[in-house]
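Remarks on the structure that follows.
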Amino acid sequence: MRVELNGEQVETAAATLSELIEEQGLAAPSVATAVNGEFVPRGMRDGTALTEGARIEVLSPMQGG
Amino acid sequence: MFYGFTPKSRLMLGTAQYPSPRVLSDAIAASEAEIITVSLRREGAGGAGFRDLIKASGCRLLPNTAGCHSAREAVTTAQMARELFGTSWIKLEVIGHADTLQPDPFALVEAARILCSDGFEVFPYTTEDLILGEKLIEAGCRVLMPWGAPIGSGQGLRHEDALHTMRAHFPDIPLVIDAGIGAPSQAAKAMEMGFDAVLLNTAVARAGDPVTMARAFAGAVQAGRLAHEAGLMGRRDMAMASTPIFGMAALS
């Protein structure tokens, strides 16, 4: 299935958000996630099934003003 | 002062645009700030290093929702920030216009209401508008952060009279001048006017020597606060001799 991960089209075998994070080699403890504009808390990543075309944001701490 | 936290320093510092992580660390230390702002972005280079750096600074983190143009975006960003940084503090920015980076007052109040009722401690980036300030307080905000001038412009306090009025209108609400400060003299002025703190970033980060500029701002904020506590003399239109006339020799 194809999803949009941080603005990039990605082909994935992952069925859930947790699996996608694992598959893409993202540092699970130090990111925050949202699917289709809604926040997904860490504890709900396992239970969040991905759907075709889902827009996923995986964000990290960055410099800010 | 800020949701139960009273810092010794009244300077809050942004962490963006520094020439290097080392300069950022040194500038934070030189500024004596105890509160620094941070943000959330898609992971780029240097992400892990930044996490270590902010931890090592020992500062309280104030995550922002910079770049958000709708209440929904800002709320989602705030929720992500709360989990990632482990704090309920959020610097709420909802931008209404790309050129001026002026807050969208309607979306700001909407987002503030949602976040305050969800347990966030909201620091809203706002204008000097009094009614907007009242609506933010009604929404649950216990701090207001009026702009001095557009973000990154370095213009200082563009609407000084309106800011004076705002200070008088909200005597018991902590007010932080956020954005637009370009020089230590402008920060000192804000503190002399009785604002509780100033938040700035570009003025330090883009200085020729950010670490020295951070020290300059620390001194200016301290001086301005002391002046406010001491009470400034009243302004006069005419001169008034400071040396006594009494006892003067008759030499003419």
Would you be able to tell me the number of residues in the stretch B:2-22 that are crowded, with 16+ Cβ neighbours inside 10 Å and more than 12 Å from chain A (Cβ to nearest Cβ)? 5
Say whether the condition of being assigned to a loop (DSSP other than H, G, I, E, B) and either polar (S, T, N, Q) or touching a residue at least 12 places away in the same chain (Cβ under 8 Å) (or both) is met by at least one residue in the stretch B:201-213. yes
Scope the stretch B:150-176; condition modelled with pLDDT of 95 or more, assigned to a loop (DSSP other than H, G, I, E, B) and buried (at least 19 other Cβ atoms within 10 Å of the Cβ); matching residues: B:156, B:157
What number goes with the only condition from (1) within 14 Å of chain A (Cβ to nearest Cβ); (2) over 19 Å from residue A:60 (Cα atoms) that residue B:29 does not pass? (1)
Taking residue B:205 as the residue in question, decide whether it is aliphatic (A, V, I, L, M) and either within 18 Å of residue A:65 (Cβ to Cβ) or crowded, with 20+ Cβ neighbours inside 10 Å (or both). yes
Among the residues of the stretch B:36-53, are any modelled with pLDDT of 95 or more, assigned to a helix (DSSP H, G or I), within 21 Å of residue B:147 (Cβ to Cβ) and touching a Leu at 6+ places or on another chain (Cβ under 6 Å)? no
How many of the residues in the stretch A:1-59 are within 9 Å of another protein chain (Cβ to nearest Cβ), part of a helix (DSSP H, G or I) and β-branched (Val, Ile, Thr)? 0
Any residue at all in the stretch B:75-82 that is in contact (Cβ under 8 Å) with a residue 12 or more places away in the chain, more than 7 Å from chain A (Cβ to nearest Cβ) and within 18 Å of the chain's Cα centre (by Cα)? no
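The values are calculated or read from the model by the stated rules, or taken from the named source; none is laboratory data. In this text the structure is predicted, and so the values were computed from the model without any measurement. All Cβ positions, even for glycine, are placed from backbone atoms using ideal geometry, and neighbour counts span all protein chains on display.
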